[in-house]
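Nothing in this text is a laboratory measurement; each read-out follows from the coordinates by a stated rule. Nothing here was measured: the structure is a model prediction, and the numbers come from that model.
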Amino acid sequence: MDGIIVHILGDFGPFSRMGKSIGYKLQVGQSVFLVDCGAPLFQQIGGHGLKEVDGLIITHCHDDHKRWFSDLALFSRYAPDMQRKIKLLTAEAVHDDIKEASTPALIKSLSKDSKTIIDIPYEDFIRYQMIGPRANYRIISKVDGKGKSGLYITDRNGNILSPENAKLIINQKTKKPRMLFKDPVYGEWVEPESFYSFSSSIFYEDNKNIYCDSDGFTIEAIKAPVWHGVTGIGLKIKKGEETLIFSSDTAHDKELWKQLYSEKKQRKLHMSKKEFEAASVIYGDINDYIERIWSEERYEDAIKAFEDAAVIHDISSRNSVVHTDYEKIKNTTLKKDRVLLTHSPDRFTSEWALCNAGKTFCAKGCNFFEIAGDKFYPMNADIYHKEQGKYYIGYKNKHGKYTVYRKNGLLCFSSFDGTSPGRPLYKVDMYEDISGGYFPRLENSNAMYFERSDGKVELLQFNEQGSKGKIVKDLRARLAKK
């Protein structure tokens, strides 16, 4: 099958009652990869399906994106007929986080006779392959000439950087060290992990470690537009004319991005300038010492990141801080007809197409098509809505039964009853999506749709005597022509 195929395993955020956090099955040619593993994989794919997966890609270490990682690692070691480690693709810094978070569940077990606690190396579970460039400098634990262990910032050859070039800032609350780095171009102190994009030759090696698959596609880690707090990456999958980008969780806002690179911050040294310059280690808040958040290079890379690509992008309702608020989507670089929104709450209404667990999409060129049965449908509805595990779509109709409203930057809809929950925008006809087919939305609690084993959909009507049903017609093909 041509194009890049994405099976939506989960598209809800971490606090969803639906329990289907982020996860996708990516299929290109004969190759199959999982992108994140926050969805209930064993329920949705099953053990035999997981054995057919060629690799796992993780964008960051939040549990709604990596919740099943440890279970997958254990499955790869102990499941019958598995006989291979999980191939994990991610960036170097993300892998450091994943390894630290998962090793307690992996590195101890019992011997075959159950009499001994044995140690198992992390590498016995995972075959790690880096995507994205290696950092030129990193924080390591090292023993000095006097036998004393300490934290140092070194280059790749193990040379310790002088305090004029880099410092450790250790937060007194978390006890975690972060790197403060003197940028040679700006002459300012920055945190390199946030300041530089992967294109920077100052902080990253030139080799971008792009994964090249035998099926003729590539997987590239992108960093510039990902702004989420924790270390994370986006993904660019490219095959021929098709380019698909997973933006991962991020606050995508052009105005915010511009402020991040253009505003210079005033430092709070809490010491004399001479003491600061001489210090290798400082205890305190790194934000007191950073002079600029982003480089202009990172800003430019972020602005251009989504050109000529189909994009799966996270969304939130409002005031999420670490995601893209729906009301601010106009401030993004995204193009509506090339985007599927993911990570939405359990109840959400959008004029942009929404993902939904169980659906399958194909990225062809820069556009998405839903695969339903053996047909490809454009995502051309005027409104999309998710509620209590059901998925609805709406098409504009001036005589439609439902009115779409805007309230506090968000959308909602209701049947017209004389009250106004917000500013009315337009009227629509609403349809319930059942396995990719469209059927008129039901308001009667004594009626429901039932999908039969032969694929036909039956409308069941309940009354005191029992129920009766009739086969109803899928209206999607007619609506798709609109």
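Separation of the alpha carbons by more than 23 angstrom is noted, of Lys375/Lys468; Lys330/Lys359; Lys25/Lys176; Lys359/Lys390; Lys208/Lys359, for Lys375/Lys468; Lys330/Lys359; Lys25/Lys176; Lys208/Lys359.
Between region 52-117 and region 409-482, how far is it from one alpha carbon centroid to the other, in angstrom? For region 52-117 versus region 409-482, the Cα centre distance is 42 Å. For Lys407, the aspartates and glutamates whose Cα falls under 16 Å of its own Cα, not counting residues fewer than eight places away in the same chain, are Asp325, Glu327, Glu351. The C-alpha atoms of the chain define a longest principal axis, and helix 92-106 lies at about 80 degrees to it.
How big is the chain by the Kirkwood estimate over distinct Cα pairs, in Å? It would help to have the intermediate numbers written out before the result.
Details: mean 1/r = 0.0400 Å⁻¹.
Kirkwood radius, the chain: 25.0 Å.
Measuring against 31 Å, Cα to Cα, the residue pairs Lys142/Lys254; Lys148/Lys175; Lys85/Lys223 contain Lys142/Lys254 as the ones spanning a longer distance. Between region 211-242 and region 1-46, the alpha-carbon centres lie 16 Å apart. With contributions of -39500 (n - 2.57) from each DSSP H run of at least four residues, the per-residue ellipticity at 222 nm computed over the chain stands at -4000 deg cm²/dmol.
Rounded to the nearest Hz, the phi-derived 3J(HN,Hα) couplings of region 26-40 under the Karplus curve 6.51 cos²θ - 1.76 cosθ + 1.60 (θ = phi - 60°) are 9, 10, 10, x, 9, 8, 10, 10, 8, 9, 6, 9, x, 7, x, where x marks glycine and proline. The 3J(HN,Hα) values that the Karplus relation (6.51, -1.76, 1.60; θ = phi - 60°) gives for region 222-228 are, in residue order, 10, 10, 3, x, 8, 9, 9 Hz. Gly and Pro appear as x. Backbone phi angles across region 175-185, fed through the Karplus curve with coefficients 6.51, -1.76 and 1.60 (θ = phi - 60°), yield HN-Hα couplings of 6, 8, x, 10, 9, 10, 10, 8, 6, x, 7 Hz in residue order; Gly and Pro are listed as x. Principal-axis analysis of the Cα atoms of the chain puts helix 69-78 at an angle of about 90° to the longest axis.
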